[in-house]
Amino acid sequence: MRRKVTVIGAGNVGANTAQKIAAKELADVVLVDVVEGIPQGKSLDMLESAPVEGYDVHLTGTNGYEETANSDIVVITAGFPRKPGMSRDDLLIANYEVVKSATEQAARHSPNAILILVTNPLDAMCWTALTVSGFSRERVIGMAGVLDTARFRTFIAEELSVSFENVTAMVLGGHGDTMVPLVRLTNVSGIPLSELTDQATIDRLVQRTRDGGAEIVKYLKTGSAYYAPAASTVEMVESILKDKKKVLPCAVFLRGEYGIQDLFVGVPVRLGAAGVEKIYEVKLMEDETAALAKSAEAVKELVEVLKQKAK
Ligand code: APR
């Protein structure tokens, strides 16, 4: 049976996500946007590349939610992207309204779906979706860690002139300036990073990873990154739909894990057919625990603002 994925927001991240899902023949795709014509036009354009690319999935675009009914996965990318000089947190209130309304409607039409959040500020938008949908925490997941990790892996591979695939890294924490790249657990085909380069180089790569999103915004000027965010989202979609059980860093709602209570923070999880099937609690050193706590504090500040607004 064909699987169905709804992608809300037919902008840069959403359209690229839809295109990659189709290219991998993972599912039929419904693209939703508030702007009339955009999801219809983009999805038809993608559909017309099917005979050339050779994929047999269907793509439709809509401004409503009826067509999204009974989706297996709903990816939420709707919202505003960053402009130069803006932090992800500057998007908080505007994107809260967007994600709230998108979640309400999507959850009503697909009560059994798994939600993947992409809209920033990510961890606060995950909280919004969890609260509004009433779904269990296994079915509300944020895409951030896969992207942050991909950026770290890219910079390491380029620095060391090795294959991108050979670099394994772990980035924990919120999707912001306080993210926590775990250098101790980063390696190239099992060789610890610390044996391959000096501390000053590692520090530089860690900082570039933290600033990875801003680096792209600075180049683009009118928006933020979308190719790597879309690729990262599709890795999560694929792991769920194919029940691959990949272990990936994702934003999940912690209930005491890592000493963090009732907040979405990026940690390693196993993604399978049920969504988040397991949360891995990696043993951390003191400084790593402190960095993660600081990152969680930054997420908490944003959620407190939203809690006040929701009252
Ligand atoms: N419902 C559906 N779509 C909406 C809504 C809504 N309520 N509000 C806005 N949109 C749509 C816009 O019309 C636009 O097409 O969301 C789309 C966003 O696309 P872009 O502006 O191209 O932004 P994009 O780069 O895709 O980023 C989207 O993902 O990575 C994050 O920080 C980024 O929060 C941003 C989000």
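Values in this text are rule-based calculations from the coordinates and carry no lab data. Here the structure is a predicted model, which means the values were calculated and not measured. Because the Cβ atoms are built from the backbone with ideal geometry, glycine has one as well, and the counts that use them run over all protein chains shown.
Points to keep in mind about this one:
- Rounded if a/c under 1.5, otherwise prolate or oblate - the range 145-310, Cα gyration tensor axes: rounded
- Distance-filtered residues of the range 15-45 - backbone nitrogen under 14 Å, label point 7 angstrom along Asn70 Cα→Cβ: 28
- Length gained when the stretch Val35-Glu301 is fully extended (0.36 nm per residue, less Cα-Cα span): 92.6 nm
- Reach of Lys245 by Cα under 25 Å, taken over lysines that are not fewer than 8 positions away in the same chain: Lys4, Lys20, Lys24, Lys278, Lys283
- Between helix 145-160 and the chain: long-axis angle, C-alpha atoms, 0 to 90°, nearest 10: 50
- DSSP-assigned coil residues among GluC sites (Glu not before Pro) in the range 128-198, each with at most 11 further Cβ atoms within 10 Å: none
- Computed from Cα positions, the angle between helix 122-133 and the longest principal axis of the chain comes to roughly 40 degrees.
- For the range 72-83, Karplus couplings with θ = phi - 60° (6.51, -1.76, 1.60), whole Hz, Gly/Pro x: 7, 9, 10, 9, 9, 10, 5, x, 9, x, 6, 10
- Projected label distance in nm at Gln199 and Glu281, using a 7 Å step from Cα toward the beta-carbon: 3.1
- Distance from the range 153-198 to the range 277-307 (C-alpha centre basis), Å: 20
- The H on the amide N of Leu117, modeled in the peptide plane, is under 5 Å from the matching H of Ile76, Ile141, Gly142, Met143, each at least 5 residues off or on a different chain.
- With the simple model of a label 7 Å out from the Cα in the direction of the Cβ, Gln207 to Thr289 spans 2.9 nm.
- Gyration tensor (alpha-carbon) shape descriptor, the range 205-277, a/c threshold 1.5: oblate
- Extension gain for Ala274 to Glu97 (0.36 nm times residue separation, less C-alpha to C-alpha distance): 60.9 nm.
- Estimated at 0.36 nm per residue, the fully extended path between Phe164 and Leu220 surpasses their Cα-Cα distance by 17.8 nm.
- Span from the the range 40-69 Cα centroid across to the the range 206-263 one, whole angstrom: 25
- Only Lys, Arg, Asp and Glu carry charge here, each on its Cβ (+1 for the first two, -1 for the last two); on that basis the range 168-225 has a dipole of about 200 debye about its Cα centre.
- Candidate cross-link partners of Lys242 among the aspartates and glutamates, defined by an alpha-carbon separation under 19 Å and a same-chain spacing of 8 or more, comprise Glu25, Asp28, Asp56, Asp72, Glu138, Glu277.
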